[in-house]
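So the structure is just underneath, and the comments pick up after that.
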Protein chains: 4
Amino acid sequence: MTNDSSSIRTPRVGVVGGSGYTGRELLRILAGHRGVQTRWATSRSEAGRPTAVRGLPYQDLGFEALGDVDLVFLCLPHGAAVPWMEAADAAEVRVVDLTADHRPGSGREEGVVYGLTERNASEIARARKVANPGCYPTGVILSLEPLLEDGLLAESRTVTVAAASGVTGAGRSPKPHLLFAEIHGDYRAYGLGNDHRHLKEMRALLPGVPVLFVPHLLPVPRGILETISVAVAPGVDAEAVRAAWTRRYAGSGVVEVLAEGAPALRDVVDTDRLVLSAIDNEGLAEPTVTLVTAFDNLGKGAAGQAVQNMNLMLGLEAEEGLRCRR
Amino acid sequence: MTNDSSSIRTPRVGVVGGSGYTGRELLRILAGHRGVQTRWATSRSEAGRPTAVRGLPYQDLGFEALGDVDLVFLCLPHGAAVPWMEAADAAEVRVVDLTADHRPGSGREEGVVYGLTERNASEIARARKVANPGCYPTGVILSLEPLLEDGLLAESRTVTVAAASGVTGAGRSPKPHLLFAEIHGDYRAYGLGNDHRHLKEMRALLPGVPVLFVPHLLPVPRGILETISVAVAPGVDAEAVRAAWTRRYAGSGVVEVLAEGAPALRDVVDTDRLVLSAIDNEGLAEPTVTLVTAFDNLGKGAAGQAVQNMNLMLGLEAEEGLRCRR
Amino acid sequence: MTNDSSSIRTPRVGVVGGSGYTGRELLRILAGHRGVQTRWATSRSEAGRPTAVRGLPYQDLGFEALGDVDLVFLCLPHGAAVPWMEAADAAEVRVVDLTADHRPGSGREEGVVYGLTERNASEIARARKVANPGCYPTGVILSLEPLLEDGLLAESRTVTVAAASGVTGAGRSPKPHLLFAEIHGDYRAYGLGNDHRHLKEMRALLPGVPVLFVPHLLPVPRGILETISVAVAPGVDAEAVRAAWTRRYAGSGVVEVLAEGAPALRDVVDTDRLVLSAIDNEGLAEPTVTLVTAFDNLGKGAAGQAVQNMNLMLGLEAEEGLRCRR
Amino acid sequence: MTNDSSSIRTPRVGVVGGSGYTGRELLRILAGHRGVQTRWATSRSEAGRPTAVRGLPYQDLGFEALGDVDLVFLCLPHGAAVPWMEAADAAEVRVVDLTADHRPGSGREEGVVYGLTERNASEIARARKVANPGCYPTGVILSLEPLLEDGLLAESRTVTVAAASGVTGAGRSPKPHLLFAEIHGDYRAYGLGNDHRHLKEMRALLPGVPVLFVPHLLPVPRGILETISVAVAPGVDAEAVRAAWTRRYAGSGVVEVLAEGAPALRDVVDTDRLVLSAIDNEGLAEPTVTLVTAFDNLGKGAAGQAVQNMNLMLGLEAEEGLRCRR
């Protein structure tokens, strides 16, 4: 550290709104990341309490804190990221926004790169502003886009996504229906009617694919499993689907394609991995393949992907800090 | 009880294989049933231990026990019901077989009435031999058959059933993957490939409907929730679906049609109810309705339906003993 | 209702604050109770929504509702029962107060009978005002008082109570530490330092017994299990303890004394039973017996005991409406 | 590997019986350990399947495998470690035995060092044979021994240990009472009567202390929390207890003494830490301090401690590979 040229200085990052489930997970990853220095994490309610980063308590800070960092993560309630994005822009600080505020379909996506890492790696590497994808769309788009691009989907057929998520996906602000005594032993569909707010994001990235998305709430803290049924074009089978994925995701340490079987939630919880699988179905007139995709909503579905994006934006090792080994 | 004419004698029943989850649930219902007398419950492994019926321990009994009862429930491992069915036939004892051994598609269904209560009530009332339906098929068939009959389904379109069940559906014999430490925090699809053994039963009852059935294992002890996506015929919507169900299930104390919203698992667990709901979907080219159907796999999915069938077979009050109130 | 002789009119009851966990459980019991008519249940937040009693929605009512009932249950937040008790007194309506406001040690216990049913049955039967015991004290006092009275405890020895409760014991108002994602997989001691608010009640009923009470929070919705270690007087053993309990609780359909073994939570959850057990310990210089006592915090620990008290106060069958069978 | 002095060769280790919960956890730690090379892991039932160590499948191996390693871990069913210990002795291979077979009180402890790391560090560093402590005793002995040595305990007073453990403590062989549907929502005391097999170990290490040990089974996969009530000598309080611990465990990265409050299970699960806390109690004639001690039964309670011992025996960094940061 004798020479202070910025090229060798360890990049410095900050976390705005670090006391929700996403922010805490992000700080957990940053605590083990050897390529960046976490300078601060803001939280009004938890100010003074320790974060996962040794020696770094939460602080109640405003925009002035941006002067101290090269990149900032926004882990705020949806809607609250807009002024921070503007302030970071003015301060010439890179941003990874984990809210929905600048995602495709939000109306504020202009000039912001969509941070689906495996899809947009080169744009992300050059971006100042990145919108981290929603949890459900991450799995749906990574599962379907290669099939769409390679023409493997039957035309105009509804693609049915039965998704199930752990309760941290609903955030940490206390609501009666998220109390332990309400969730224990329960399971339910929600967001019925195909108007979940994540659909805009899926539709923007999968133009022309009619997606029917039905989310369910699981009695587990974390993890998402998406069971996706797709009518396929003539001659297409699960093997062709796996081949399309393998071409697209070769080299990724985060996305894994199973040669057989399907992932369970416990294979991915507490990791930053996303696991893809495809199975042929018997006894149907229309050839249909079932895709089972699993990942941690707080890992690849939020904080893990945010760190992937940071690694690209700061020119660090692609998987530094990530929990990708089984 | 001074007069012993059989017309006023309380019917006597027996339970073969009463120590699994289904048998125990059945005995719990029978313990509160005022219209029958439970004479015995067999179990080799639990012989001598108490059942839910006061004063009735499990016994290790053979066919000779049939001489003592008017109706017998078979709660055996699949495959073991065949000789008991024959012995009961010879002894002229009525049978409700809760195994898969005599269900449609088993190859042994001849002369046995399929005990889907709301569908076959009059045949069941006259039957000596009834095959109690499988848990998953109960929900799928009750959901879809009225739509099929009324011509509400779009032709040749795959009907996707994403089903999720609590672990008692897998039985009580100890297997490593059903240990608490394996299931806690997990969720997974299983039976992938559309060849679950329950499909034969669904296909037999829903001829011409291409069903894609994907079951999942929930980290809860009991309950089934089925999320069914159906392309509908022109002009059909959720309201029409509800109307078809209401016509069919009017008067049932067990099957309930929700006017709005969808049932959660906790609405039906520990009851014998089955709750149907239908929701229109936005933004799809093909009009598609999502059905959410919930019930307890041990209630309407097994022991509750068995008692409904017994009530019909013995000429008792239709819902006597059942747990149907919310 | 043409004839108004009180001896044949069905008593009418009301529930104030019926939408918390205790109030909902009480309404569930009342829904199956054949000896009373539930006239109303108040709740501001749930007004208009259904209760467990068929045809009875929650209403937002004030003191004027007291004119319509013979007995009222108070299921309010602690502190809020005082004005209702006064209003009920003025209206000459009997009260079962499920809050801590009038319990022993509260400073407001004068003129109010302590509703520990098995201890004070005759006073309760004559009382207008009854303070329903706290959940933890119910188990501790029923376990220890017969031992104290019969001189079975070693003198001046600390009695250690390691208690564990499901989370409904903490109520239904949403707090961050009671969210599903916080409780799942966790277990902790709380109220450390021997100053839990329930201790006043235990000390008032167990004078001279030095109780060390350590509660723990279980990752289950309901149920309490108390593991109590007592140094016993010379010559006393578990058999003597069981004999003292049996003498005291003979005839009770609610309190059960196990001849051997100890109850588990699942033996009592969703019931109104309380199960007592005592086990001798090996290898200790001081003879010490371990008592394991289990019950449902919402059953015998709250709503079940409240209904026991109501049955006594209204001259009904002692166990009418209660869930006491295994 | 033909020559180079042993001082620079990476030590090689093997795991016997690696497919139970303890063995799998050990392999997970070894997978991230930079100071040793894991050569093999044996399992008959899982032979050919992957372990947590990349590229290392389970193998079905016999004693001959000992020729390939410097140290072997025995993760066998209790009773099965004796012949392996003899074979390792003959082969001059170091052993960490995670079974109960050579622990104090087993009758086979001669010549085997008791591997309670913080207590016996220097003997362990020189040992060829180490018996890894039982899970419950690890917490009880680390909590109490400093108090015993410093004379802080009141004489002849029963020390009450109310312990609770996750179900992995009962092992991975399938037993009906460990099925998910049995444990979910349950909680129970077991091993009643003060004759748990771990008591011999506690008594051997805490001579003269009358320990009353009551274990409970928690509906969680992992973690142990021990609530220990001790009558203290005149003038002793929680502060003095913390001081005794701090003197004893200074410098340990594994054992932590809380300055205030008490640990919850979630603070220690999935780590190798053990957290100690002490709280003064009010309102008791005999001064009594409550100790709350938490750790992961698979971490410090088994595999984590085994790796601590290995690190000492092989002269590696004390906390290499361990998960000790919050």
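State whether one or more residues within the stretch D:177-194 are open to solvent by 40 Å² or more (accessible area, probe 1.4 Å), in a strand (DSSP E or B), within 8 Å of chain C (Cβ to nearest Cβ) and in contact (Cβ under 8 Å) with a residue 12 or more places away in the chain. Walk me through how you get there before you give the answer.
Applying the first criterion (open to solvent by 40 Å² or more (accessible area, probe 1.4 Å)) to the stretch D:177-194 yields D:177, D:188, D:190, D:192.
Checking which are in a strand (DSSP E or B) leaves us with D:188.
Filter once more, keeping what is within 8 Å of chain C (Cβ to nearest Cβ): D:188.
Okay, now just the ones that are also in contact (Cβ under 8 Å) with a residue 12 or more places away in the chain, so D:188.
Within the stretch D:177-194, one or more residues are open to solvent by 40 Å² or more (accessible area, probe 1.4 Å), in a strand (DSSP E or B), within 8 Å of chain C (Cβ to nearest Cβ) and in contact (Cβ under 8 Å) with a residue 12 or more places away in the chain.
Pick out the one residue from C:E92, C:E86 that is open to solvent by 60 Å² or more (accessible area, probe 1.4 Å), at pLDDT 95 or above, among the acidic types (D, E) and part of a loop (DSSP other than H, G, I, E, B). Write out each step before concluding.
Values: C:E86 fails: part of a loop (DSSP other than H, G, I, E, B).
Sole residue among the options that is open to solvent by 60 Å² or more (accessible area, probe 1.4 Å), at pLDDT 95 or above, among the acidic types (D, E) and part of a loop (DSSP other than H, G, I, E, B): C:E92.
For the structure I just gave you, tell me whether A:V209 is of a type in the set (A, V, I, L, M, F, W, C), open to solvent by less than 40 Å² (accessible area, probe 1.4 Å) and in a loop (DSSP other than H, G, I, E, B). Talk me through it step by step, then tell me what you get.
Details: of a type in the set (A, V, I, L, M, F, W, C): yes; open to solvent by less than 40 Å² (accessible area, probe 1.4 Å): yes; in a loop (DSSP other than H, G, I, E, B): yes.
Yes, satisfied.
More than 17 Å from the chain's Cα centre (by Cα) and among the small types (G, A, S) - does that describe any residue in the stretch D:112-120? Steps first, please.
Residues of the stretch D:112-120 that are more than 17 Å from the chain's Cα centre (by Cα), as a first pass: none.
There is no residue in the stretch D:112-120 that is more than 17 Å from the chain's Cα centre (by Cα) and among the small types (G, A, S).
Out of (1) open to solvent by 30 Å² or more (accessible area, probe 1.4 Å); (2) in contact (Cβ under 8 Å) with a residue 60 or more places away in the chain; (3) part of a loop (DSSP other than H, G, I, E, B), what's the single condition that is false for B:P174?
Status for B:P174: all satisfied but (2).
Taking the condition of being more than 9 Å from chain A (Cβ to nearest Cβ) and either within 26 Å of B:R266 (Cα to Cα) or free of Cβ contacts under 8 Å to residues at least 24 places away in the same chain (or both), how many residues in the stretch B:214-238 meet it? Can you show your working first?
The first filter runs over the stretch B:214-238 and keeps only residues more than 9 Å from chain A (Cβ to nearest Cβ), leaving B:215, B:224, B:226, B:228, B:230, B:232-238.
Adding the requirement that they be either within 26 Å of B:R266 (Cα to Cα) or free of Cβ contacts under 8 Å to residues at least 24 places away in the same chain (or both) leaves B:215, B:224, B:226, B:228, B:230, B:235, B:238.
Qualifying residue count for the region: 7.
Tell me, yes or no, whether the stretch C:102-109 has at least one residue that is at pLDDT 95 or above, surrounded by fewer than 23 Cβ atoms within 10 Å (Cβ to Cβ) and not in a loop (DSSP other than H, G, I, E, B).
no
Exactly one of these conditions fails for A:N120: (1) of a type in the set (S, T, N, Q); (2) within 26 Å of B:R222 (Cα to Cα); (3) surrounded by fewer than 20 Cβ atoms within 10 Å (Cβ to Cβ). Give me its number.
Exception for A:N120: condition (2).
Looking at this structure, is B:R54 in contact with a helix residue (DSSP H, G or I) (Cβ under 8 Å, 6 or more places away or on another chain), open to solvent by 70 Å² or more (accessible area, probe 1.4 Å) and in a strand (DSSP E or B)? Break it down stepwise before answering.
On the way: in contact with a helix residue (DSSP H, G or I) (Cβ under 8 Å, 6 or more places away or on another chain): yes; open to solvent by 70 Å² or more (accessible area, probe 1.4 Å): yes; in a strand (DSSP E or B): no.
Spelling it out, it is not the case that B:R54 is in contact with a helix residue (DSSP H, G or I) (Cβ under 8 Å, 6 or more places away or on another chain), open to solvent by 70 Å² or more (accessible area, probe 1.4 Å) and in a strand (DSSP E or B).
Sort out which residues of the stretch A:128-151 are assigned to a loop (DSSP other than H, G, I, E, B) and under 13 Å from the mean Cα position of the chain (by Cα), and write them in order of number. Break it down stepwise before answering.
First pass over the stretch A:128-151, keeping only residues assigned to a loop (DSSP other than H, G, I, E, B): A:128, A:132-134, A:150-151.
If the condition is that a residue be assigned to a loop (DSSP other than H, G, I, E, B) and under 13 Å from the mean Cα position of the chain (by Cα), then A:N132, A:P133, A:G134 are the ones that fit.
Taking the criterion of being over 27 Å from B:V112 (Cα atoms), of a type in the set (G, A, S) and open to solvent by less than 50 Å² (accessible area, probe 1.4 Å), would at least one residue in the stretch B:59-74 satisfy it?
No; the residues of the stretch B:59-74 include none that is over 27 Å from B:V112 (Cα atoms), of a type in the set (G, A, S) and open to solvent by less than 50 Å² (accessible area, probe 1.4 Å).
Would you mind telling me which numbered condition in (1) open to solvent by 40 Å² or more (accessible area, probe 1.4 Å); (2) touching a residue at least 12 places away in the same chain (Cβ under 8 Å) A:L298 fails?
Unmet for A:L298, out of (1) open to solvent by 40 Å² or more (accessible area, probe 1.4 Å); (2) touching a residue at least 12 places away in the same chain (Cβ under 8 Å): (1).
Report yes if C:T10 is crowded, with 17+ Cβ neighbours inside 10 Å and not acidic (D, E), otherwise no.
Numbers: crowded, with 17+ Cβ neighbours inside 10 Å: no; not acidic (D, E): yes.
So C:T10 does not fit the description; no.
How do the pairs read when you match residues in the stretch A:98-113 that are not assigned by TED's automatic domain parsing to the domain that holds A:E201 with residues anywhere that are open to solvent by less than 30 Å² (accessible area, probe 1.4 Å) and of a type in the set (F, W, Y), using Cβ under 8 Å and keeping only pairs 6 or more apart or on different chains?
Pairs found: A:L98/A:F73; A:R103/A:Y114; A:P104/A:Y114.
Would you check if there is a residue in the stretch B:44-56 being among the small types (G, A, S), over 20 Å from the mean Cα position of the chain (by Cα) and under 16 Å from B:L314 (Cβ atoms)? Steps first, answer last, please.
Keep residues of the stretch B:44-56 that are among the small types (G, A, S), which gives B:45, B:47-48, B:52, B:55.
Narrowing the set further to residues that are over 20 Å from the mean Cα position of the chain (by Cα) leaves B:45, B:47-48, B:52, B:55.
Of the ones still in play, those that are also under 16 Å from B:L314 (Cβ atoms) are none.
So far as the stretch B:44-56 goes, no, none of its residues is among the small types (G, A, S), over 20 Å from the mean Cα position of the chain (by Cα) and under 16 Å from B:L314 (Cβ atoms).
Cβ-Cβ below 6 Å, separation at least six or inter-chain, first residue in the stretch D:195-211 and at pLDDT 95 or above, second charged (D, E, K, R): which pairs?
D:E201/D:R103
Got a sec? Which of D:V289, D:V241, D:V275, D:V307 is assigned to a helix (DSSP H, G or I), within 14 Å of chain C (Cβ to nearest Cβ), open to solvent by less than 30 Å² (accessible area, probe 1.4 Å) and not acidic (D, E)? Break it down into steps so the answer makes sense when it comes.
On the way: D:V289 fails: assigned to a helix (DSSP H, G or I); D:V275 fails: assigned to a helix (DSSP H, G or I); D:V307 fails: within 14 Å of chain C (Cβ to nearest Cβ).
Matching residue, one of D:V289, D:V241, D:V275, D:V307: D:V241.
Using the structure shown, decide if C:A259 is of a type in the set (G, A, S) and either open to solvent by less than 10 Å² (accessible area, probe 1.4 Å) or under 15 Å from C:G223 (Cα atoms) (or both).
Numbers: of a type in the set (G, A, S): yes; either open to solvent by less than 10 Å² (accessible area, probe 1.4 Å) or under 15 Å from C:G223 (Cα atoms) (or both): no.
So C:A259 fails the test.
Got at least one residue in the stretch D:153-168 being away from chain C (no Cβ under 14 Å) and either under 21 Å from the mean Cα position of the chain (by Cα) or over 23 Å from D:P221 (Cα atoms) (or both)?
Within the stretch D:153-168, the first condition is being away from chain C (no Cβ under 14 Å), and the residues that meet it are none.
No: zero hits.
Mind listing whichever residues of the stretch B:188-210 are in contact with a Ser or Thr (Cβ under 8 Å, 6 or more places away or on another chain) and within 21 Å of B:L116 (Cα to Cα)?
Once the filter is applied, which keeps residues that are in contact with a Ser or Thr (Cβ under 8 Å, 6 or more places away or on another chain) and within 21 Å of B:L116 (Cα to Cα), the stretch B:188-210 yields B:K200, B:P210.
When the residues of the stretch B:244-254 are filtered to those that are in contact (Cβ under 8 Å) with a residue 12 or more places away in the chain and outside any helix (DSSP H, G or I), which remaining residue is least open to solvent (accessible area, probe 1.4 Å)? Break it down stepwise before answering.
To start, the set of residues in the stretch B:244-254 that are in contact (Cβ under 8 Å) with a residue 12 or more places away in the chain comprises B:244-245, B:247-249, B:252-254.
With outside any helix (DSSP H, G or I) added as a condition, the list becomes B:252-254.
Values: B:S252: 36, B:G253: 23, B:V254: 3 Å².
Restricting to residues being in contact (Cβ under 8 Å) with a residue 12 or more places away in the chain and outside any helix (DSSP H, G or I), the top hit is B:V254.
The values are calculated or read from the model by the stated rules, or taken from the named source; none is laboratory data. Treat the numbers as computed from the prediction; the structure is a model and nothing was measured. Ideal geometry is used to build each Cβ from the backbone, glycine not excepted, and the neighbour counts take in all protein chains shown. Surface accessibility is based on the protein's heavy atoms, side chains included, excluding ligands, DNA and RNA. Shrake-Rupley method; radii C 1.70, N 1.55, O 1.52, S 1.80 Å.
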